[in-house]
Amino acid sequence: MRTAKIERKTKETDITLTVDLDGQGLVSIDTGIGFFDHMLTALAVHSGVDMTVKCKGDLNVDGHHSVEDIGICLGKAFAEALGDKSGIARYGSAYVPMDESLAFCSLDISGRAFLVFNATFSDDRIGEFDTCLAEEFFRAFAFNAGITLHIRQEYGKNDHHICEAIFKAVAHALKQALASNGGGVLSTKGVL
């Protein structure tokens with residue numbers, strides 16, 4: 001079973017997070033940031049990963065600590081659930097449209113963490129979500145999961161649509177990469 005549970009308690013956040021990489025996209029998300037809940041739900045549903053997230057954060061400051069720490073926890077959960085990464089396709093890429101917006105993601109579950117995030121938002125916020133936190137979330141996720149993650153906004157005008165297309169593109173790329181390859185570790189080295 002490719003599952004994990006991560007708990008993280010700091011002076012800024014108190015998080016409990018679970019994943020089942022072989023799920024059906026079942027979710028229970030409560031971060032205190034409505035739009036971020038919506039994005040995490042999209043990530044889970046479109047990747048097919050069952051996910052629960054409960055976060056109590058210092059939202060009186062802003063959403064930064066909550067969003068970044070959830071990215072850390074989600075990355076650690078993926079790393080734990082994948083173990084030595086044997087039997088996975090490893091790579092995934094997807095284009096996802098959302099009305100006038102189009103986003104692209106390509107990733108490698110390689111054990112080598114890297115993020116390229118090429119997207120711009122016209123407004124500072126979507127609801128209670130600071131748009132700059134999209135990149136912070138994916139950085140924390142990629143670096144703690146050991147994923148090389150490339151995200152690109154092809155075009156778009158509506159920030160909600162751009163951000164949602166990005167999260168869904170990552171989800172569909174993850175779904176491909178997490179799929180069974182029917183064998184061992186997909187690497188000329190024999191390990192990742």
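Since every read-out is calculated from the coordinates, none of them should be taken as a lab result. Note that the coordinates shown come from a computational prediction; the quantities given were computed from them, not determined experimentally. Cβ: placed from backbone, ideal geometry, glycine included. Neighbour counts: every protein chain shown.
Going by average Cβ density within 10 Å per residue, which order do the peptides 167-178, 55-66 take, highest to lowest?
Values: 167-178: 23.4, 55-66: 17.2.
In descending order of packing, they fall as 167-178, 55-66.
Mind checking the dipole of the chain: about its Cα centre, +1 per Lys or Arg Cβ, -1 per Asp or Glu Cβ, Debye to the nearest 20? Working shown, then result.
Values: 18 positive and 26 negative charges, 184 e Å.
Here the size comes out at about 880 debye.
State whether region 1-137 is rounded, prolate or oblate according to the following rule on the C-alpha gyration tensor (a ≥ b ≥ c being the square roots of its eigenvalues): a/c under 1.5 gives rounded; otherwise a/b larger than b/c gives prolate, and the remaining case gives oblate.
Numbers: a/c = 1.64, a/b = 1.13, b/c = 1.46.
The shape class here is oblate.
Show me, bin by bin at 10 Å from 0, the whole-percent P(r) of region 25-67 based on Cα pairs.
32, 50, 17, 1
Tell me which of A119, G156, S86 sits at the most positive position along the dipole axis of the chain, charges placed on C-beta atoms (Lys, Arg +1; Asp, Glu -1).
S86
K157: which lysines have alpha carbons under 26 Å from its alpha carbon, excluding same-chain residues fewer than 8 sequence positions away?
Answer for K157, where 26 Å is the Cα cut-off: K168, listed by chain and number.
When DSSP assigns beta bridges and you keep just the ones with both residues in region 89-162, what percent turn out antiparallel, to the nearest 5? Walk me through the numbers before you get to the answer.
Details: 17 of 22 bridges.
Taking every DSSP beta bridge within region 89-162, about 75 percent pair in antiparallel fashion.
Placing +1 at every Lys and Arg Cβ and -1 at every Asp and Glu Cβ, with all other atoms neutral, what dipole size does region 1-88 have around its Cα centre, in debye to the nearest 20? The partial results should precede the final answer.
Values: 9 positive and 14 negative charges, 34 e Å.
Here the size comes out at about 160 debye.
How much net charge surrounds V116 when only the other residues with a Cβ under 15 Å from the Cβ of V116 are counted, with Lys and Arg +1 and Asp and Glu -1? Don't jump to the answer; show the numbers that get you there.
Numbers: positive: R112, R139, R152; negative: D108, E135, E136, E154.
Here the charged neighbours net out to -1.
Of the options Q176, L26, C55, report the single residue whose Cα projects farthest towards the positive end of the charge dipole of region 3-178 (beta-carbon charges: Lys, Arg +1; Asp, Glu -1).
Q176
What number in nm² do you get for region 65-159 if you take the convex hull of its Cα atoms and divide its surface by four?
Values: hull surface 25.2 nm².
Mean projected area for region 65-159: 6.3 nm², to one decimal.
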